[in-house]
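**Student:** There's a structure below that I have some questions on.
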Amino acid sequence: LYLEWAIRRHVRVATQVLTISEASKRDLVRLYGADPARIHVAYPAVDERFAPASAVQIGEVRQRYGLAEHYVLHLGTIKPRKNLPRLVRAFGQAALSPDTQLVLGGMTTLGGTALEHAIQEAALGDRVKRLAYVPEVDLPALYSGASAVAIVSLYEGFGMPALEALACGAPVVVSNRGSLPELVG
């Protein structure tokens, strides 16, 4: 309640508000009654280290994490709004080569039980690979080696992994929610 009150108050009294996407701007107007003329959008950029990795770097990362040659990657915290049970079900139904893995990287904060249930229910066995924390130094090669990066969130205020993946040359599949269409459009 306090956080909600504080956000509402700050948005109301601020002379200018800076946000990271048009989607977030729309949310500020819709949820807090902010004046759209006082809200400005400044998109974050990815660090320059996010660039296509070499075949050697990709091979080293695939070996380190035990990844197949072909994989669909999702990176981010495991929580309900990331829509991962639906991603698992879609992956199981997709007409992909049986040697393609679904790689889910990120720490679990909420929703881990629903994800694990979806993995078991889909009966994909070792086609689903769970990675916990992935060091930032491995991210460019992990993105670069992916057959696709899937970000199917129900909501994202920005979605930095989509931009990181694009900067690394990976094909990106996103949901049509929040800022994602705006970022990858």
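**Student:** Among the residues of segment 81-107, which ones are out of contact with any His (no Cβ under 9 Å at 6 or more places or on another chain) and within 18 Å of MET160 (Cα to Cα)?
**Tutor:** Those that are out of contact with any His (no Cβ under 9 Å at 6 or more places or on another chain) and within 18 Å of MET160 (Cα to Cα): ARG81, ASN83, MET107.
**Student:** Another question, then. Condition check: of a type in the set (Asp, Glu) and closer than 18 Å to SER153 by Cβ. Does GLU22 satisfy that?
**Tutor:** Considered against the rule, which asks whether it is of a type in the set (Asp, Glu) and closer than 18 Å to SER153 by Cβ, GLU22 comes out as yes.
**Student:** In segment 54-76, which residues are of a type outside the set (A, V, I, L, M, F, W, C) and either open to solvent by less than 40 Å² (accessible area, probe 1.4 Å) or closer than 21 Å to SER97 by Cα (or both)?
**Tutor:** Selection gives GLY59, ARG62, GLN63, TYR65, GLY66, GLU69, HIS70, TYR71, HIS74, GLY76.
**Student:** Now for a different question. Only one of these conditions is not met by ARG26: (1) farther than 16 Å from LYS129 by Cβ; (2) touching a residue at least 12 places away in the same chain (Cβ under 8 Å). Which number is it?
**Tutor:** (2)
**Student:** Do any residues in segment 36-62 that are assigned to a loop (DSSP other than H, G, I, E, B) and charged (D, E, K, R) have Cβ atoms under 9 Å from those of residues that are open to solvent by less than 70 Å² (accessible area, probe 1.4 Å) and modelled with pLDDT of 95 or more, where the two are at least six apart or on different chains, and which pairs are they?
**Tutor:** Matching pairs, first to second residue: ASP47/GLU164; ASP47/ALA167; GLU48/ALA167; ARG49/LEU139; ARG49/PRO140.
**Student:** Something else: Filter segment 17-29 down to the residues that are assigned to a helix (DSSP H, G or I) and in contact with a Pro (Cβ under 9 Å, 6 or more places away or on another chain), then identify the one that is most open to solvent (accessible area, probe 1.4 Å).
**Tutor:** That would be ARG26.
**Student:** Would you be able to tell me the number of residues in segment 77-87 that are surrounded by 16 or more Cβ atoms within 10 Å (Cβ to Cβ), at pLDDT below 90 and not basic (Lys, Arg)?
**Tutor:** 1
**Student:** If we scan segment 131-153, do we find a residue that is assigned to a helix (DSSP H, G or I) and surrounded by fewer than 16 Cβ atoms within 10 Å (Cβ to Cβ)?
**Tutor:** Yes: one or more hits.
**Student:** Residue by residue through segment 30-53, note down the ones that are out of contact with any strand residue (DSSP E or B) (no Cβ under 7 Å at 6 or more places or on another chain) and open to solvent by 50 Å² or more (accessible area, probe 1.4 Å).
**Tutor:** ARG30, LEU31, GLY33, ASP35, PRO36, ALA37, TYR43, ALA45, ASP47, GLU48, ARG49, PRO52 - these are the residues of segment 30-53 that are out of contact with any strand residue (DSSP E or B) (no Cβ under 7 Å at 6 or more places or on another chain) and open to solvent by 50 Å² or more (accessible area, probe 1.4 Å).
**Student:** Collect the residues in segment 88-107 that are open to solvent by 20 Å² or more (accessible area, probe 1.4 Å) and either touching a residue at least 60 places away in the same chain (Cβ under 8 Å) or of a type in the set (A, V, I, L, M) (or both), keeping them in residue-number order.
**Tutor:** Within segment 88-107, ALA90, ALA94, ALA95, LEU96, MET107 meet the criteria.
**Student:** Which of the following residues is at negative phi and either assigned to a strand (DSSP E or B) or surrounded by fewer than 21 Cβ atoms within 10 Å (Cβ to Cβ) (or both): LEU183, LEU166?
**Tutor:** LEU166
**Student:** Looking at GLU69, GLU4, which is the one that is of a type in the set (D, E, K, R) and not in a helix (DSSP H, G or I)?
**Tutor:** GLU69
The values are calculated or read from the model by the stated rules, or taken from the named source; none is laboratory data. Predicted model only: the values in this text are computed from it and were never measured. In this analysis, Cβ positions are derived from the backbone assuming ideal geometry, glycine residues included, and neighbour counts consider all displayed protein chains. What goes into the accessible areas is simple: the full protein's heavy atoms, side chains included, and nothing from ligands, DNA or RNA. Shrake-Rupley method; radii C 1.70, N 1.55, O 1.52, S 1.80 Å.
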